[in-house]
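Report on the structure given below.
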Amino acid sequence: MKKLSILIIFLALGCQRSPENKSDAPDQVKQIASSEGQHDLLAREWQMMAEKIAELGPWLMSQPDVLKDDPQVVSDGYRYLSTLLFVGVHNHLLNADTDRPKFISNWDDLAAWGCNQRDAIYRCANIDPSGTYRVVCKPQGGLPVVATFQAMNNFWVTEGGGKTLSTKNIYDYKASSDGSYEVILSKAKPDDENFFQLSDSTTGIIVREYLADDETQKRFRLSIERIDQPLTIPLESDSEEGLAEKMNNAVNMIKNVAGVFLNMTRLMRQTVNGITVLEDRSSYGASLENKYYYGSWDLGPDEVLVLEMKPVKAAYWSFTASNFWCQALSPTDFPEEVNNYGAVTDQDGKIRILITHNDPGYANWISTGGLKVGTITGRFNYQKEEEKVTCKKVKLSDLEAVFAANSVKITPEERERQLRKARMGVLDRYNR
């Protein structure tokens, strides 16, 4: 509720100013700033933050290649900016203390951004690259199918931020007797063999976990603490300059993320009703051990996109549907993903995944959520053989000709059970 209240206040100040009182805002700010006990710096910063938020909508919708005549794209775009406001405040105002960091999950079922997906839990913390930290990954049941550390230059505070510097497979480390992984993060290599190298540019750390099967895989219980200095009690109140910096960073993240992933959308829209391999992973904050596919759809109500591939050996793979802004469709509401744990293979040895508006009656279905235009992301983690994925658009009336004889179909009752299971799995992992 606290986070929601902050979001509502920011939106009310910055984005919902009515025409009749907009001209009064500067005078109101002057009155606040001159009031007893108030300070000019924070009053100005608060107003600047509100104005920056107000400007984001028109700025985003005016960018080249934005489909501003599509009401679905516009509606999702303003919701997207609201999501990024939550993410910016979460990362850079509420969790900015590098001496007392916490792992927070801000890519999840409620905060979709950056080509996220159902199976991946991304938890992040801000750190001081000159510090030394201890991270403990404690199992809570079956292990995630994939778990990695990822070093970042920053969380999109600056233009050019959000770049991946390095990644490391957590399972390459030695586990403790209770199955936990205790890893030291530092620039200087300690005697401990479980070590993740930081650089002068590393100001953020992400732990990525992939849960491909909710029944057999559970996320880690994560902790992080700084260990190169004593744990002291901080001042409860920020300095004016410190709080101003946090507020500024929170808003800057919105625009920087929106700009980076609009470029991602532009790439995806170059391959309409198809997919291709993403070469530049680092610039989009992607994990370096993954191989990524990207593409997009533009489908009518009687059309379907068919992805086709042979099963390949990989720790994990998936294809995910996202909206124009690279936000994955809600995993509690839509069948928006197919992975290697749930994909059904036809009798001819091929996997066929269908992307369409309505349930086609086949097992491997990804919903568009009713979006005429959307984007597609494919991931292959630690693959042991080369994959070959093809994609083509066909009419629904021609769909049976695409499939092998006796391909697996699914009844409406079976689909509902599938959707309920997927929904409850997501709610369980986030304790909702």
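The values are calculated or read from the model by the stated rules, or taken from the named source; none is laboratory data. Quick caveat, the model's predicted, so the values are computed rather than measured. Because the Cβ atoms are built from the backbone with ideal geometry, glycine has one as well, and the counts that use them run over all protein chains shown.
Observations
- Near pairs, Cβ below 9 angstrom, 6+ apart or cross-chain, from the stretch 177-197 (in a loop (DSSP other than H, G, I, E, B)) to any residue that is of a type in the set (S, T, N, Q) and crowded, with 17+ Cβ neighbours inside 10 Å: LYS187/THR132; LYS187/THR202; ALA188/THR132; PRO190/THR132
- Scanning the stretch 91-115 for residues that are surrounded by 22 or more Cβ atoms within 10 Å (Cβ to Cβ) and over 12 Å from the mean Cα position of the chain (by Cα) gives ASN91, HIS92, PRO101.
- Any hit, the stretch 56-66, residues being touching a residue at least 60 places away in the same chain (Cβ under 8 Å), under 21 Å from GLY370 (Cβ atoms) and crowded, with 17+ Cβ neighbours inside 10 Å: yes
- Scope the stretch 318-341; condition over 11 Å from GLN117 (Cβ atoms), crowded, with 19+ Cβ neighbours inside 10 Å and either in contact with an Asp or Glu (Cβ under 9 Å, 6 or more places away or on another chain) or without any contact (Cβ under 8 Å) to a residue 24 or more places away in the chain (or both); matching residues: ASN323, PHE324, TRP325, PRO335
- LYS388 in contact with a strand residue (DSSP E or B) (Cβ under 8 Å, 6 or more places away or on another chain), surrounded by fewer than 16 Cβ atoms within 10 Å (Cβ to Cβ) and either assigned to a loop (DSSP other than H, G, I, E, B) or not β-branched (Val, Ile, Thr) (or both): yes
- SER201 within 26 Å of the chain's Cα centre (by Cα) and free of Cβ contacts under 8 Å to residues at least 60 places away in the same chain: no
- Taken across the stretch 144-154, residues that are without any contact (Cβ under 8 Å) to a residue 24 or more places away in the chain and part of a loop (DSSP other than H, G, I, E, B) do not occur at all.
- Checked against (1) buried (at least 17 other Cβ atoms within 10 Å of the Cβ); (2) among the hydrophobic types (A, V, I, L, M, F, W, C); (3) in contact (Cβ under 8 Å) with a residue 60 or more places away in the chain, LEU267 passes all but condition (3).
- Any hit, the stretch 226-247, residues being touching a Pro at 6+ places or on another chain (Cβ under 8 Å), in contact (Cβ under 8 Å) with a residue 40 or more places away in the chain and closer than 26 Å to VAL207 by Cβ: yes
- From VAL344, VAL408, residue being farther than 30 Å from ASP70 by Cβ, at pLDDT 95 or above and surrounded by fewer than 16 Cβ atoms within 10 Å (Cβ to Cβ): VAL344
- Of all the listed residues (ALA175, ALA258), the sole one being surrounded by 20 or more Cβ atoms within 10 Å (Cβ to Cβ) and of a type in the set (A, V, I, L, M) is ALA258.
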